[in-house]
1. Might you let me know whether the stretch 40-48 holds any residue that is at pLDDT below 95 and either under 17 Å from residue 183 (Cβ atoms) or aromatic (Phe, Trp, Tyr) (or both)?
2. How many residues are over 24 Å from residue 55 (Cα atoms) and of a type outside the set (S, T, N, Q) when one looks only at the stretch 102-118?
3. I'd like the residue in the stretch 12-35 that is assigned to a helix (DSSP H, G or I), within 16 Å of the ligand (Cβ to nearest atom) and of a type in the set (Gly, Ala, Ser) and, out of all such residues, is farthest from residue 153 (Cα to Cα).
4. Quick one: is residue 135 at pLDDT below 95, under 20 Å from residue 52 (Cβ atoms) and of a type in the set (Lys, Arg)?
5. Which numbered condition trips up residue 9, out of (1) more than 10 Å from the ligand (Cβ to nearest atom); (2) touching a residue at least 24 places away in the same chain (Cβ under 8 Å); (3) surrounded by fewer than 21 Cβ atoms within 10 Å (Cβ to Cβ)?
6. When both residues are 6+ apart or on different chains and their Cβ atoms are under 6 Å apart, which pairs have a first residue that lies in the stretch 76-96 and is part of a loop (DSSP other than H, G, I, E, B), and a second that is among the hydroxyl-bearing types (Ser, Thr, Tyr) and within 15 Å of the ligand (Cβ to nearest atom)?
7. Restricting to the stretch 160-172, and then to whatever is away from the ligand (no atom under 14 Å from the Cβ) and over 16 Å from residue 15 (Cα atoms), can you tell me which residue is surrounded by the most Cβ atoms within 10 Å (Cβ to Cβ)?
Amino acid sequence: MNAKSGAVLVLSGPSGAGKSSLINKVSGEIGDYYFSISTTTRPIRKGEEEGVHYYFVSIEEFKKGIDNDCFLEYALVHGNYYGTSLKPVKEALNNGKLVIFDIDVQGNTAVNNRLGDIVTSVFITPPTLSELKKRLKNRSTDSQEVIESRIKMAKREIQRVSEYDFLIVNDDLEVAASALKLIAVAAKLKIPIEEINNFVQNWEDIEF
Ligand code: 5GP
């Protein structure tokens, strides 16, 4: 039971929910983890870095990745493709790491379907829609059109919160970060059914 395989923590929620700030805040307190860097066709934003925030590729390159089965999951979000590369995730899981994803609700469904019982999912949201609007406007990284598309998506996504294991309302960053830390630590302790069955089998069989 000690050499446990890895686990997955899915974080979803509207842009402006504070997911990145929360991850940064808890990063030193949750042990060894691998943050999955997605690949996207959306244009790079001011302040973003290639290979840090995303791998930025053309639509042609992305489609090649789809054809070559490179993605664990991918989705079209706000008219751009976003995908999770399979290879580094597999490696991190084989090394027993906690793999953290920042993906949308479609991605959560796909990851749950593919990785099942090692997944813990969390939806993170500002307390209200008007607070989200305020945060998106203050951030001023997006055009009015993009902000409206994000708000529309947030209204749709909030209807699917019941598909998640946990909901974090990010009103106070300190409180939200403590919750995320507890969830991340617990996610690492989650044991896949196969490992539980093996444990039970051995527990019954070994005699002294
Ligand atoms: P943004 O453009 O603000 O960085 O991200 C827009 C949305 O795409 C967010 O909801 C984010 O969680 C989602 N997203 C980012 N990467 C992926 C991915 O690899 N797969 C999926 N399904 N969604 C993603």
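1. no
2. 3
3. The selected residue is 21.
4. Criteria not met by residue 135.
5. Status for residue 9: all satisfied but (3).
6. Short answer, once both residue conditions are applied: 78/149.
7. Within the stretch 160-172, the match that is surrounded by the most Cβ atoms within 10 Å (Cβ to Cβ) is 166.
For (1) touching a strand residue (DSSP E or B) at 6+ places or on another chain (Cβ under 9 Å); (2) basic (Lys, Arg); (3) within 8 Å of the ligand (Cβ to nearest atom), each residue gets a yes or a no:
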| position | (1), (2), (3) |
| --- | --- |
| 76 | yes, no, no |
| 83 | yes, no, yes |
| 86 | yes, no, no |
| 90 | yes, yes, no |
| 96 | yes, no, no |
| 101 | yes, no, yes |
| 114 | yes, yes, no |
| 124 | yes, no, no |
| 127 | yes, no, no |
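The values are calculated or read from the model by the stated rules, or taken from the named source; none is laboratory data. Since this is a predicted model, take the numbers as computed values, not measurements. Reconstructed Cβ throughout: ideal geometry from the backbone, glycine too, with neighbour counts over all protein chains shown.
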